[in-house]
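**Student:** The structure follows.
The values are calculated or read from the model by the stated rules, or taken from the named source; none is laboratory data. These figures come from a predicted structure and were not determined experimentally. No Cβ is skipped: glycine too gets one built from the backbone with ideal geometry, and neighbour counts run over all protein chains shown.
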């Protein structure tokens, strides 16, 4: 394959990817091609921190591959995961659309591939395409709703109920039966509890025949049983 053909293929792949992102779903292929010229694609290693609280928001991140965690740190240094984002997610939008500063950490869980848009390009897109601005509002609303639900679970649900609900939600993002790539510490940070408590609860689920546990891999054996616990 010649360099020119490879470049064309990469552009086509990038435009196809942009078309799958919900906030850009109303754009034509020509408009997406124009966006291709305004975005930069990059790969990032696990552990890469994209931004921290109080960083000014100068870019918008579009996640093509991998996972990114949004989390906060308590004054005592305890990590609480706000969201785990997968391919197709957009992050960094809070500062772009008005807050000015980030209020969370954003960190790569896996090796990630991302597209980056500058603040100027995002501002121009929102001004010229009001329907894209509306999609931004939709995305923000869903993010806030998910955060409110997470805080409600922490306030009112038991650890087993929160863990069962988290396993079901993460499995639904994959093939429906397997949750992979997370340590017990990761689950503890999602639940706002301690690793030892998470490990003990997972072992109870295993003893009750609800799950199988492997290395960074949990197989859901009894969805109905887990749903019953999640609804308690």
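**Student:** Which condition number does residue 47 fail, the rest of (1) modelled with pLDDT of 85 or more; (2) assigned to a strand (DSSP E or B) being met?
**Tutor:** (2)
**Student:** Taking the conditions exactly as written (surrounded by fewer than 18 Cβ atoms within 10 Å (Cβ to Cβ), at pLDDT below 90 and in a helix (DSSP H, G or I)), does residue 196 satisfy them or not?
**Tutor:** no
**Student:** Mind listing just one residue for me: the one in segment 153-165 that is in a helix (DSSP H, G or I) and modelled with pLDDT under 90 and, of those, farthest from the chain's Cα centre (by Cα)?
**Tutor:** 156
**Student:** Residue by residue through segment 183-203, note down the ones that are closer than 16 Å to residue 215 by Cβ and touching a strand residue (DSSP E or B) at 6+ places or on another chain (Cβ under 8 Å).
**Tutor:** 186, 202, 203
**Student:** Continuing with the same structure: Within segment 89-102, take every residue that is at pLDDT below 85 and not in a loop (DSSP other than H, G, I, E, B) and give me the one that is surrounded by the fewest Cβ atoms within 10 Å (Cβ to Cβ).
**Tutor:** Residue satisfying both the conditions and the ranking: 98.
**Student:** Filter segment 166-189 for residues that are under 17 Å from the mean Cα position of the chain (by Cα), over 15 Å from residue 79 (Cβ atoms) and not in a loop (DSSP other than H, G, I, E, B) and give the result.
**Tutor:** 166, 167, 168, 169, 170, 171, 172, 179, 180
**Student:** Confirm whether residue 76 is surrounded by 13 or more Cβ atoms within 10 Å (Cβ to Cβ) and either out of contact with any helix residue (DSSP H, G or I) (no Cβ under 6 Å at 6 or more places or on another chain) or within 20 Å of residue 13 (Cβ to Cβ) (or both). Step through it out loud before you land on a result.
**Tutor:** Details: surrounded by 13 or more Cβ atoms within 10 Å (Cβ to Cβ): no; either out of contact with any helix residue (DSSP H, G or I) (no Cβ under 6 Å at 6 or more places or on another chain) or within 20 Å of residue 13 (Cβ to Cβ) (or both): yes.
The answer is no for residue 76.
**Student:** With respect to residue 77, is the statement that it is part of a loop (DSSP other than H, G, I, E, B) and modelled with pLDDT of 85 or more true?
**Tutor:** Values: part of a loop (DSSP other than H, G, I, E, B): yes; modelled with pLDDT of 85 or more: no.
For residue 77, the condition - part of a loop (DSSP other than H, G, I, E, B) and modelled with pLDDT of 85 or more - is not met.
**Student:** For residues that are surrounded by fewer than 18 Cβ atoms within 10 Å (Cβ to Cβ) and part of a strand (DSSP E or B), scanning just segment 103-152, find the one that is farthest from the chain's Cα centre (by Cα).
**Tutor:** Per the stated criteria, the residue is 118.
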